[in-house]
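Q: Sharing a structure here in structure tokens format.
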Amino acid sequence: MSQFFAEYGLFLLKAITIVAAIAATLIIVGTAAASGHKASQEMLEVESLNKKYRNLASSLRKAVTTKSEQKKAAKQEKQREKAEAKAAESRPRSFVIDFKGDLKATAVSSLREEVSAILEIAGPDDEVILRLENHGGVVHEHGLAASQLARIRDREIPLYVCVDKVAASGGYLMACVATKIYAAPFAILGSIGVLAQIPNFNRMLDSHGVDFEQITAGKYKRTVTMFGENTDEDRAKLKEELEDVHSLFKGAVGRYRPGLDLDKVATGEHWYGTRALDLGLADEIRTSDELLSERAADRDLYTLSYKIKQPLQKRLMANIDGVLEKADATTWRRRFESRLPR
């Protein structure tokens, strides 16, 4: 019962937050309309990871070595930089992109631009490394994100996905597109399932003499509802729709990872890295840091980040969405923490 009240309280908090957000947004939109506003600013930022690693090592070296040792190391570093510059045209490249997911997979707007940029210049020896952190969320949004990664695979460019924390549900829908999946020992993978949950206030409204009217055209335009009386037929139809989405989900996973026993792993369960490896959900236990450090020895590594600076009112709504996401993430985290040994 305490869990019910906690979840109900969370729902009310979200509702209050949304109402406050709408009011605040209307005020800001009105102000922006009166004073004028700048359009969104977009740009692609590129950073050399090889150079970043060298700078980090140089900073540490200055702090822990003598001046003579620093001079010797600096000389060696210059020689190595000259050698790398000479071989720059022949060294293969690794393009590193990050995707931190939320319920609506909002980062897909940047992902599609990053993928487009890579496809324009990628050569036969180049590869893409995606650092993925995604709990999952809305089906069609995460399906679009997975489709962006499929563009890389369709061009026969190796795609490696690194999961340091979590790639579950829609997150795993993205991860499975990879040529190879690397997972940290305690990363969470799987949750190949579909969920729909909704509170129903019909009895509460009825007890206060409040009628709820809903008029639709089309038998199944609306089935399960928050305020109306739900029937067994409504629930059965929603269940049918969820099963259909689940079949699509399993089909997508099976396409890219045909060796998986879907009857065993597509149950909605999740597993930690080492167990996920045993089940075939991952290919190797390794963190992204280990992989990139290894690649930097003989490849040029570049991180790509497509930045979209939104107008004030959109940034405000994004911040509000972030609050709601954190509330959902808290619920998610509690689910996992309750399973940890005490």
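The values are calculated or read from the model by the stated rules, or taken from the named source; none is laboratory data. Computed from a prediction, not measured in an experiment: that's the story for all the values here. Ideal geometry is used to build each Cβ from the backbone, glycine not excepted, and the neighbour counts take in all protein chains shown.
Q: For the list (1) surrounded by 14 or more Cβ atoms within 10 Å (Cβ to Cβ); (2) not in a loop (DSSP other than H, G, I, E, B), I need the number of the one condition that residue 251 fails.
A: (1) is the only condition that residue 251 fails.
Q: Determine whether residue 250 is closer than 24 Å to residue 148 by Cα and either basic (Lys, Arg) or not assigned by TED's automatic domain parsing to the domain that holds residue 286 (or both).
A: Judged against the criteria, residue 250 is a match.
Q: Name the residues in the stretch 101-134 that are surrounded by fewer than 22 Cβ atoms within 10 Å (Cβ to Cβ) and in a loop (DSSP other than H, G, I, E, B), would you?
A: Result: 102, 103, 104, 106, 107, 122, 123, 124, 125, 126.
Q: Can you pull out the residues in the stretch 224-260 that are closer than 22 Å to residue 162 by Cα, in contact with a helix residue (DSSP H, G or I) (Cβ under 8 Å, 6 or more places away or on another chain) and of a type in the set (D, E, K, R)?
A: Of everything in the stretch 224-260, just one residue is closer than 22 Å to residue 162 by Cα, in contact with a helix residue (DSSP H, G or I) (Cβ under 8 Å, 6 or more places away or on another chain) and of a type in the set (D, E, K, R), namely 250.
Q: With 203, 275 as the choices, which residue is in the same structural domain as residue 141 (by TED's automatic domain parsing) and either part of a helix (DSSP H, G or I) or surrounded by 14 or more Cβ atoms within 10 Å (Cβ to Cβ) (or both)?
A: 275
Q: Follow-up question, since we're still on this one. Does the stretch 184-199 include one or more residues that are outside any loop (DSSP other than H, G, I, E, B), over 28 Å from residue 243 (Cα atoms) and under 15 Å from the mean Cα position of the chain (by Cα)?
A: Checking the stretch 184-199: not a single residue is outside any loop (DSSP other than H, G, I, E, B), over 28 Å from residue 243 (Cα atoms) and under 15 Å from the mean Cα position of the chain (by Cα).
Q: Only residues that are under 23 Å from residue 121 (Cβ atoms), among the aliphatic types (A, V, I, L, M) and in a helix (DSSP H, G or I): list them for the stretch 147-173, please.
A: Scanning the stretch 147-173 gives 149, 150, 152.
Q: Kindly establish whether residue 121 is touching a Cys at 6+ places or on another chain (Cβ under 8 Å) and modelled with pLDDT of 90 or more.
A: Taking the combined requirement at face value, the residue does not satisfy it.
Q: Looking only at the stretch 287-316, which residues are surrounded by fewer than 19 Cβ atoms within 10 Å (Cβ to Cβ) and modelled with pLDDT under 90?
A: 307, 308, 309, 310, 311, 312, 314, 315, 316
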